[in-house]
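*Asks:* Supplied in structure tokens, the structure appears directly below.
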Amino acid sequence: MKRVLVTGGAGFIGSNLVARMLKERDHYEVVVLDSLSYSANLENLAPFEDDPRYSFIRADVGDDAAVTEAVKGCDGVLHLAAESHVDRSIMDPAPFVASNTVGTQRLLEAWRRGPGADGLPLVYVSTDEVYGSLSLDNPDERFTESSPLEPNSAYSASKAGGDLFARAYHHTFGLNVMTTRCSNNFGPFQFPEKVIPLFVTNLIEGEKVPLYGDGKNVRDWIHVDDHAEGIIATLEKGRPGEVYNLGADNERSNLELTHAILEILGHGEEMIKYVPDRLGHDRRYAIDSSKAASDLGWKAQWSAWPGALESTVAWYKDNEAWWRSVKSGAYRDYYAKQYGGR
Ligand code: NAD
Ligand code: TYD
């Protein structure tokens, strides 16, 4: 049995990852550490509340005392806790630096002084956004692990700060750190500020979808289960100090994505509302994940289009109570009951 600390485990990717670790494997005990910020939702983890292999700690990754205590007895760390939304980072960059850069350094330090001293692994879950933006003119160009880090948003800059600390802790202290850089995720339990759940839930509510700029920006979409498996593969088979790109070869322009969602939900073009572009909007992301395939034996299995998008839309149709409570903020009552008000 391996005891693994999952930071940010109450968020979108974290809760899907924890579910895979507990349901699809029997050799993991999972400790979730999460500050329960606005995007967290403990209802995602409610099925495991009585599972003896699951426990939860409410703490900030920057809280040295809490993190030092939490890492005790762990065999590994999967570090996902982060501020995750680019538009919020445009409104206020400061919390991004605190959680994503400083918080990551604090966690690395606690691990170095704790079980990490014995060579146990920590996987830092980064993002392809640290590479910056590709152009639409060179469709064959993709990010590889040796592409330069050229972050353009406060979100990606703060994540890149975490990448650089992960690298430095390996190089200087010999810490067994691995980094994953994954493309845009979709699937169940995604906070409806991100484009897919926002557009799907707007349409179900009969509201238009706000498409930024000319809609030609391209994202490389991957199902969250594929990302979760990539993180687990990195923990189990990754080599210390290495970086692994994770992607599903699934590039779509925002306009193509929007048309696909409109079609699945039986709506027309008139439901698109073109709105001013995001500041500094990255044009295109595309991931070369051949290293993860050759070194980890990992390959995306659940991201095939349009099936994976259809099943995700179906999940939001079938789980209206979940996203309505998230959109209205009612889930906060749930925390207040269990952990006191915030
Ligand atoms: P999310 O916003 O749904 O979840 C983030 C979780 O981290 C929340 O539960 C939040 O409460 C917690 N958190 C935030 N700051 C914290 C702090 N200081 N201390 C403790 N907990 C804190 O985000 P997500 O989409 O699940 O992303 C998870 C990770 O994956 C992030 O590190 C993100 O950069 C990375 N990532 C996301 C994507 C994507 O498409 N969503 C793609 C690649 C990488
Ligand atoms: P998002 O889900 O915020 O992910 P990221 O910015 O990290 O890639 O956005 C995905 C794409 O969708 C991005 O190009 C911006 C665009 N977008 C819109 O057009 N309208 C919206 O309301 C949102 C949230 C995003």
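*Asks:* Among the residues of the stretch 131-162 satisfying the criterion of being of a type in the set (Ser, Thr, Tyr) and under 23 Å from Arg88 (Cβ atoms), which is surrounded by the fewest Cβ atoms within 10 Å (Cβ to Cβ)? Break it down into steps so the answer makes sense when it comes.
*Replies:* The initial filter retains those residues of the stretch 131-162 that are of a type in the set (Ser, Thr, Tyr), namely 131, 133, 135, 144, 146-147, 153, 155-156, 158.
Remaining after also requiring under 23 Å from Arg88 (Cβ atoms): 131, 133, 153, 155-156, 158.
Details: Tyr131: 25, Ser133: 20, Ser153: 22, Tyr155: 24, Ser156: 27, Ser158: 26.
So, considering only residues that are of a type in the set (Ser, Thr, Tyr) and under 23 Å from Arg88 (Cβ atoms), the one surrounded by the fewest Cβ atoms within 10 Å (Cβ to Cβ) is Ser133.
*Asks:* Return the residue satisfying two criteria in turn: it lies in the stretch 13-60 and is β-branched (Val, Ile, Thr) and part of a helix (DSSP H, G or I), and of such residues it is most open to solvent (accessible area, probe 1.4 Å). Walk me through it before giving the result.
*Replies:* Narrowing the stretch 13-60 to residues β-branched (Val, Ile, Thr): 13, 18, 30-32, 57.
Filter again for part of a helix (DSSP H, G or I), leaving 13, 18.
On the way: Ile13: 39, Val18: 0 Å².
Selected residue: Ile13.
*Asks:* Only residues that are closer than 16 Å to Val123 by Cβ, among the charged types (D, E, K, R) and near ligand 1 (Cβ under 10 Å from one of its atoms): list them for the stretch 167-196, please.
*Replies:* If the condition is that a residue be closer than 16 Å to Val123 by Cβ, among the charged types (D, E, K, R) and near ligand 1 (Cβ under 10 Å from one of its atoms), then Arg181 is the only one that fits.
*Asks:* Right, here's the next one. If only one of Lys216, Lys273, Lys237, Lys291 is buried (at least 17 other Cβ atoms within 10 Å of the Cβ) and away from ligand 1 (no atom under 15 Å from the Cβ), which one is it?
*Replies:* Just one listed residue meets the conditions, Lys291.
*Asks:* When the residues of the stretch 163-174 are narrowed to those that are of a type outside the set (S, T, N, Q), open to solvent by 50 Å² or more (accessible area, probe 1.4 Å) and in a helix (DSSP H, G or I), which ends up farthest from ligand 2 (Cβ to nearest atom)? Steps first, answer last, please.
*Replies:* Taking the stretch 163-174 as the starting set, the residues that turn out to be of a type outside the set (S, T, N, Q) are 163-171, 173-174.
Those still in the list that are open to solvent by 50 Å² or more (accessible area, probe 1.4 Å) too: 164-165, 167, 170-171, 173-174.
Imposing the further condition that a residue be in a helix (DSSP H, G or I) reduces the set to 164-165, 167, 170-171, 173.
Values: Leu164: 20, Phe165: 21, Arg167: 22, His170: 26, His171: 28, Phe173: 31 Å.
Selected residue: Phe173.
*Asks:* So if I check each of Trp322, Trp315, Trp305, which one is open to solvent by 10 Å² or more (accessible area, probe 1.4 Å) and within 15 Å of ligand 1 (Cβ to nearest atom)? Don't jump to the end; show me each part of the working.
*Replies:* Details: Trp315 fails: within 15 Å of ligand 1 (Cβ to nearest atom); Trp305 fails: within 15 Å of ligand 1 (Cβ to nearest atom).
Among Trp322, Trp315, Trp305, only Trp322 is open to solvent by 10 Å² or more (accessible area, probe 1.4 Å) and within 15 Å of ligand 1 (Cβ to nearest atom).
*Asks:* It is to be established whether one or more residues within the stretch 263-283 are small (Gly, Ala, Ser) and assigned to a strand (DSSP E or B). Before the answer, list the steps.
*Replies:* The first filter runs over the stretch 263-283 and keeps only residues small (Gly, Ala, Ser), leaving 266, 268, 280.
Next, only the ones that are assigned to a strand (DSSP E or B) stay: none.
Within the stretch 263-283 (the criterion being small (Gly, Ala, Ser) and assigned to a strand (DSSP E or B)), the answer is no, since none of the residues qualifies.
*Asks:* Among all residue pairs at least 6 apart or on different chains, which show Cβ distances below 8 Å where the first residue, located in the stretch 196-211, is open to solvent by 50 Å² or more (accessible area, probe 1.4 Å) and the second is of a type in the set (Val, Ile, Thr)?
*Replies:* Listed by first residue and then by second, the contacts come to Lys208/Ile272.
*Asks:* Going by what's in this entry, would Asp128 be described as over 17 Å from Gln105 (Cβ atoms), touching a Gly at 6+ places or on another chain (Cβ under 8 Å) and either modelled with pLDDT of 95 or more or open to solvent by 10 Å² or more (accessible area, probe 1.4 Å) (or both)? Working first, answer last.
*Replies:* Values: over 17 Å from Gln105 (Cβ atoms): yes; touching a Gly at 6+ places or on another chain (Cβ under 8 Å): yes; either modelled with pLDDT of 95 or more or open to solvent by 10 Å² or more (accessible area, probe 1.4 Å) (or both): yes.
Spelling it out, Asp128 is indeed over 17 Å from Gln105 (Cβ atoms), touching a Gly at 6+ places or on another chain (Cβ under 8 Å) and either modelled with pLDDT of 95 or more or open to solvent by 10 Å² or more (accessible area, probe 1.4 Å) (or both).
*Asks:* For residues that are assigned to a helix (DSSP H, G or I) and acidic (Asp, Glu), scanning just the stretch 213-234, find the one that is farthest from Ser253 (Cα to Cα).
*Replies:* Let us first name the residues in the stretch 213-234 that are assigned to a helix (DSSP H, G or I), namely 224-234.
Within this subset, residues satisfying the condition of being acidic (Asp, Glu) are 225-226, 229.
Working: Asp225: 22, Asp226: 21, Glu229: 25 Å.
Looking at the filtered set, the residue picked out is Glu229.
*Asks:* Another one. Given the residues Val195, Val209, which is the only one that is touching a Phe, Trp or Tyr at 6+ places or on another chain (Cβ under 7 Å) and more than 30 Å from Arg106 (Cβ to Cβ)?
*Replies:* From the options Val195, Val209, the qualifying one is Val209.
The values are calculated or read from the model by the stated rules, or taken from the named source; none is laboratory data. Given the structure is predicted, the values throughout are model-derived calculations rather than measurements. Please note: Cβ atoms are built from the backbone with ideal geometry, for glycine as well, and neighbour counts cover all protein chains shown. Areas reflect the complete protein model, heavy atoms only, side chains present, ligands, DNA and RNA absent. Shrake-Rupley method; radii C 1.70, N 1.55, O 1.52, S 1.80 Å.
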